[in-house]
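The values are calculated or read from the model by the stated rules, or taken from the named source; none is laboratory data. Source: prediction; values computed, not measured. Heads up, the Cβs are rebuilt from the backbone with ideal geometry, glycines too, and the neighbour counts pull from every protein chain shown.
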Amino acid sequence: MLRTHLRIWVHFWRLSVARETHYRANFLTLAVVAILETFMTILPMLLIFSFTSAVSGWSRAESIALVGFFRTAIGVHELLASGGAYRLSSDIQNGDLDLVLIRPVNAQFYVACRFVTLPQMVNVLIGMLVAAIGVARSDVTVGLTSFVQTMAIFICGMILLNAAILGGSYIAFRVTTIDGLNWMLQDVADMGRYPISFYPGAIRFVLTAIVPVAFVTTVPMDALRGFTGWDTVLLTVAFTCLVVMLLRWWWNNSVRHYASAGS
Amino acid sequence: MTPASQLRVLRRLTSIELVGSLMYRTQFAVYMVSTVVSIMVGLFIWLRVGESGGDLPVDREFIVTYYLMLAVVRTLVSTWHSEFLAQVIRKGELNAWLARPGSYILNLLANNFSEKIVKMSTILPMLGVIWWFYRDQFALPTEISRWLLFIPALVGAFVLEFCLTTTIGSLGFWMDENSGIARSRHVIAMALSGELVPLALYPAWATTFLDIQVFRFTMSFPLEVLLTDLSSQQLVAGFVLQFAWLVAIVMVCRFTWQRGLHAYSGIGA
């Protein structure tokens, strides 16, 4: 079963390559946009730290490393899951989801992963580069333990972030359109480009528990800076397992509301 | 068509679009939450920088008023039809409009006006809630002259923004896909219009470039007119530059649209 899904996933990648080679100029433009977007995320950091050396315990280099984590996570989301999440609403409206549900494949997997947005690879690579530069220029000493902890939290964080956005897209089974909701979730997730300690308490709660972008930015960076231990890693893994189970339940529950042919 | 009959068509189209927009009130409310969220990020961040001992060239009062008014200005000025227009061109849906006496541009304008009415009615209560938390630091000018100058700056900003968006949308006459260009414009405009960071917070060496570039006049300039003590010389220079950009962009927009119509095959793509 796992091998079948892996084969299908590889096929989604092949389709994406075929699509992007058809619109080569657009691919290049989107790659340039990815570079511009990364610069625009770093720009406020550069401006902020031209007025002060530290904000809420974060130095410039650490904040730039955090931007790198953020861009990598958003890049991975847009590369693998955002296309599917966006299309779900119109598929439900048009009744096109029928063709997904009758396939001998896990429909939740198919809906989430079917649209690979290849130009976002650029975002992922740039994000990793920015994170590496930020860490190298900071006073952070990366040990094996802190690296493993950081990666474990970051991977869990990416699962959590994608689960939150996909979970939001399943609301499309119950309402007419959710385009605005998708935008809103993206904008809330976008707040993660700054350390959550920059925000008031209520916003920190939202960025940790509701749209858990803190788990791809602030929490892994805290692990890298040596501020968190294995207890945080275990809690994050447990929270991720819980959210994945909830997402599975939410999907099954939502599909029951699907009445086919333009519901 | 005479200007009077064009206005009549525009008014009628706006009424029709308004009815359509009102059907999606919840959708617009969610969009507006999104707008408020993206703008309030700047407010929270710069207030935090100030609290952390950052030596900012502006005070807390300016930051609060700037970002709250930015949400209003952005709602009134921003346009979004470039990809939509390109799609209409690609699919050959422009045909029906070419047979009508009014231009399709009128329909785009009507769509903009109607959505602005709905968006303003949803965003103002949200901003009211934020205003309540920061009401002690929110200070709008009381001088009538500033408000009188703010209005033409705002109208100029809207026309500039509308023509820029229409020009990019018109690329659909020649290109299969313009979303990359539209997104590039959006990202660059975010930084240079004062939406991401107030232009007053940029370093001094960038001031000359920031003062003359087009995106300043699509967002920042109306806010500068309203909230900062611009000298009469700076005001005149600002309005002259905005007008010059306006003339240039309107001409480019008109040229692109007319050349595009000549190139349009009407069968879709």
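Within the set A:Gly95, A:Gly84, the sole residue that is out of contact with any helix residue (DSSP H, G or I) (no Cβ under 9 Å at 6 or more places or on another chain) and either of a type in the set (Gly, Ala, Ser) or closer than 24 Å to A:Phe154 by Cβ (or both) turns out to be A:Gly95. Beta carbons closer than 7 Å, at least 6 apart along the sequence or on distinct chains, pair a first residue in region A:222-241 that is in contact (Cβ under 8 Å) with a residue 12 or more places away in the chain with a second that is assigned to a loop (DSSP other than H, G, I, E, B) for A:Leu224/A:Val140; A:Leu224/A:Val142; A:Arg225/A:Val140. Within region B:233-269, which residues are within 17 Å of B:Val155 (Cα to Cα), surrounded by 12 or more Cβ atoms within 10 Å (Cβ to Cβ) and among the β-branched types (Val, Ile, Thr)? Scanning region B:233-269 gives B:Ile249, B:Val250. Please go through region B:178-205 and give me each residue that is in contact (Cβ under 8 Å) with a residue 40 or more places away in the chain and either of a type in the set (Phe, Trp, Tyr) or not in a helix (DSSP H, G or I) (or both), ordered by number. Residues satisfying the conditions are B:Asn178, B:Gly194, B:Glu195, B:Leu196, B:Val197, B:Pro198. Going by what's in this entry, would A:Met221 be described as more than 8 Å from chain B (Cβ to nearest Cβ), within 18 Å of A:Cys113 (Cα to Cα) and crowded, with 19+ Cβ neighbours inside 10 Å? It is false that A:Met221 is more than 8 Å from chain B (Cβ to nearest Cβ), within 18 Å of A:Cys113 (Cα to Cα) and crowded, with 19+ Cβ neighbours inside 10 Å.
Please enumerate the residues belonging to region B:151-190 that are at pLDDT below 95 and under 11 Å from B:Met219 (Cα atoms). Of everything in region B:151-190, those that are at pLDDT below 95 and under 11 Å from B:Met219 (Cα atoms) turn out to be B:Ala189, B:Met190. Restricting region B:61-96 to residues that are surrounded by 15 or more Cβ atoms within 10 Å (Cβ to Cβ) and more than 24 Å from the chain's Cα centre (by Cα) leaves a set whose member that is farthest from B:Thr2 (Cα to Cα) is B:Arg90. For region B:7-54, filtering for residues that are within 7 Å of chain A (Cβ to nearest Cβ), assigned to a loop (DSSP other than H, G, I, E, B) and either farther than 25 Å from B:Phe138 by Cβ or at pLDDT 85 or above (or both) leaves 1. Filtering region B:98-105 for residues that are farther than 22 Å from B:Val9 by Cβ and either in contact (Cβ under 8 Å) with a residue 12 or more places away in the chain or among the small types (Gly, Ala, Ser) (or both) leaves an empty set.
Could you list all residues from region B:31-62 that are farther than 15 Å from B:Leu127 by Cβ and touching a residue at least 12 places away in the same chain (Cβ under 8 Å)? Residues satisfying the conditions are B:Trp46, B:Leu47, B:Gly50, B:Leu56, B:Pro57, B:Val58, B:Arg60, B:Glu61, B:Phe62.
Annotation: A:Asn252 fulfils all but one of (1) away from chain B (no Cβ under 14 Å); (2) touching a helix residue (DSSP H, G or I) at 6+ places or on another chain (Cβ under 8 Å); (3) of a type in the set (S, T, N, Q); the unmet one is (2). Within region A:38-61, the only residue that satisfies the criterion of being facing chain B (nearest Cβ under 9 Å), among the hydroxyl-bearing types (Ser, Thr, Tyr) and touching a residue at least 24 places away in the same chain (Cβ under 8 Å) is A:Ser56.
One residue stands out among those in region A:10-27 that are under 23 Å from the mean Cα position of the chain (by Cα) and surrounded by fewer than 16 Cβ atoms within 10 Å (Cβ to Cβ): the one that is farthest from B:Glu177 (Cα to Cα), which is A:Val10. The single residue among A:Ile64, A:Ile35 that is more than 11 Å from every other protein chain (Cβ to nearest Cβ) and closer than 23 Å to A:Leu125 by Cβ turns out to be A:Ile64. Only one of the numbered conditions (1) away from chain A (no Cβ under 14 Å); (2) over 14 Å from the mean Cα position of the chain (by Cα); (3) surrounded by 18 or more Cβ atoms within 10 Å (Cβ to Cβ) is violated by B:Glu177, and that is (1).
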